Amino acid sequence: MTDLNKVFLYGHVVRDAELKRTSTNLSVASFSIASNYSVKKADGTYENKADFFPLAIYGTFAEKMLPKLLKGQKILIEGCIHQNKWEKDGVKHNDTRISVLKIQIIYDSKKSDADSISAPAADENTSYELTEEQLAEMYSGEMSESDIF
């Protein structure tokens, strides 16, 4: 039986994604997102905080998504956590990141470029473009994904 390793995150891209290639010429787009939340303090006020998560997209999906993964862009991702371990010059290294399987680009409906919604791609690496209002409706149960696409 396969264990469950699934992650869903919503946040803002911290800096523009970078494209690199592995020794086998596989494209890898690396970037991080900040996911904000509030914590209630002892005096009753709230403090805003953020968690930062490193992400990676691979192959042609990485090349396709690279121009859209710009600093400040809101995204919703589905992925899985991967841990890489290696040794170099006698020093052990460890890297944990989230491999993105699906991504939704979230546009601000108040901006002029928010009118375009692309249909899902034919492969499993899907890119949706939604406004914040559509996303909120979708997850509130008032609208299904089939109502949008």
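Nothing in this text is a laboratory measurement; each read-out follows from the coordinates by a stated rule. Predicted, not measured: the structure shown is a model, and the values here were computed from it. Here the Cβ positions follow ideal geometry from the backbone for every residue, glycine too, while neighbour counts run over all protein chains shown.
Just to verify a number: FRET efficiency for Asp3 and Asp43, C-beta to C-beta distance, R0 = 41 Å, to 0.05?
0.45
Just order 60-73, 42-55, 21-34, 2-15 by mean Cβ neighbour count inside 10 Å, highest at the front, would you?
With the highest mean Cβ count within 10 Å placed first, the list reads 60-73, 21-34, 2-15, 42-55.
Which residues' amide hydrogens lie under 5 Å from the amide hydrogen of Gln73, considering only partners 5 or more residues apart or on another chain, with H built in the peptide plane?
HN-HN under 5 Å from Gln73: Val13.
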